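As structure tokens, the structure follows; a few thoughts come after it.
All of the numbers you see were taken from the coordinates with simple rules; none came from a lab. If you're wondering where the values come from, they're calculated on a predicted model, not measured in any experiment. Cβ sites come from the backbone with ideal geometry, for glycine too, and all protein chains shown count toward neighbours.
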Amino acid sequence: MRILVADTFPSGHLDRLGELGHDCDYRPDTTSGQLPGLLAGRTALVVRSTRVTAEALEGADALRLVIRAGSGTNTIDRDAASARGIYVCNVPGRNAIAVAELACALMLALDRGLYDNVADLRAGRWDKKRHSRARGIHGRRVGVIGLGRIGLAFAERAAAFGTTVYAVAKPDRSAQVLERARAIGVRFVDDLPTLARTCDVLSLHLPATDGTRHLVDADLLAHVRPGTLILNTARGDLIDEDALIEAMEDKDVRAGLDVYADEPAGGTGRIESRLARHPNVYGTHHIGASTEQAQQAVADEVVAMVAAFQSGSVRHCVNLDDVRPTANSGEFP
């Protein structure tokens with residue numbers, strides 16, 4: 001297979017793909033705008049942050065497989081891929097611990113004002129009185145919105161700090177999820193407004209879909225308590241940013257954010273987000289999955305997925321039922 005790897009990928013795993021007989025073109029600095037000119041003749045594409053647009057796929061005359069080396073596939077035009085007979089796959093769960101760790105770090109940093117502590121020290125200011133104000137996390141109520149792999153990993157770690165973890169009850173949760181939730185001690189409430197009224201911390205762990213866009217809006221924020229901490233290490237589209245800024249001004253809500261609605265598509269650039277600049281926000285640069293442990297685990301699965309595809313099976317496919325055969329599809333794979 002001719003594989004274009006258009007984002008950073010561990011060198012040892014590139015070697016493993018080569019040992020399996022694949023021709024790998026490694027271009028880690030590829031932008032979305034450059035991608036349309038690079039896909040001709042490629043059989044597979046591996047991306048992390050690079051957007052895969054319908055325009056890019058128009059020139060993908062031999063492409064059969066797009067792997068998102070992470071969980072979310074909202075940066076890939078799935079409809080365009082399906083129409084061209086291209087399978088879109090993700091790597092779910094392998095970065096769950098890394099994202100959960102960052103969510104916990106943001107929660108603790110907000111509670112103790114760690115970023116402000118560091119900023120004052122670096123500026124030569126000593127203000128122990130100001131920075132001694134912290135409520136503490138032990139005994140607080142933490143609401144987890146989304147009990148997938150990452151949400152459960154965060155819930156486990158939040159519970160270890162002595163918090164009580166809450167989530168919204170849903171009739172379609174699997175027995176495995178319910179068993180793990182019971183082991184953590186998760187308490188269930190009927191709906192999101194009840195969760196918002198109940199909890200001191202709300203942590204978002206959902207994919208970006210039409211149904212989750214602006215889930216945290218003015219209506220939901222009307223139910224949160226003053227001083228609530230809101231964590232988002234999932235997708236920027238989950239939050240109505242204007243509504244959150246208003247809640248920060250009116251209720252002293254604070255937020256720990258790793259994602260934003262209009263963040264730059266590449267690894268570097270400018271971000272013009274008014275939310276990211278707000279003094280009640282502790283923000284990071286969409287780095288939730290960016291630990292060495294997580295990237296090694298994701299890369300392991302990418303290699304396994306390519307090997308499986310070469311053998312005639314497709315793993316973790318998010319558009320399996322929608323892929324339409326085309327003249328270029330040939331024999332699977």
The chain: relative contact order from alpha carbon pairs under 8 Å, six or more residues apart, as a whole percent, is 19 percent
Which of the peptides 56-65, 212-221 is most tightly packed, and how do the rest follow, judged by the mean count of other Cβ atoms within 10 Å per residue? 56-65, 212-221
Grab the DSSP H runs of the chain that are 4 residues or longer, score each as -39,500 (n - 2.57), total them, divide by all residues and round the 222 nm result to the nearest 500 deg cm²/dmol. -9500 deg cm²/dmol
Each label point is 7 Å from the Cα along the Cα-to-Cβ direction; what then is the distance between the points at SER11 and ASP25, in nm? 2.2 nm
Among PRO92, PRO279, PRO171, which one shows the biggest mean-square fluctuation in a GNM of the chain, springs joining Cα atoms closer than 10 Å? PRO171
Antiparallel DSSP beta bridges within the chain, percent to nearest 5: 5 percent
Relative to the chain, whose Cα atoms define the longest principal axis, helix 175-184 and its Cα axis are tilted in degrees, nearest 10, by 30 degrees
GNM top mover of THR43, THR75, THR268 - the chain, alpha-carbon springs below 10 Å: THR268
Using alpha carbons only, how many angstrom separate the centre of the range 190-232 from the centre of the range 94-131? 22 Å
Relative to the longest principal axis of the chain, what angle (0 to 90°, nearest 10) does the C-alpha long axis of helix 241-251 take? 10 degrees
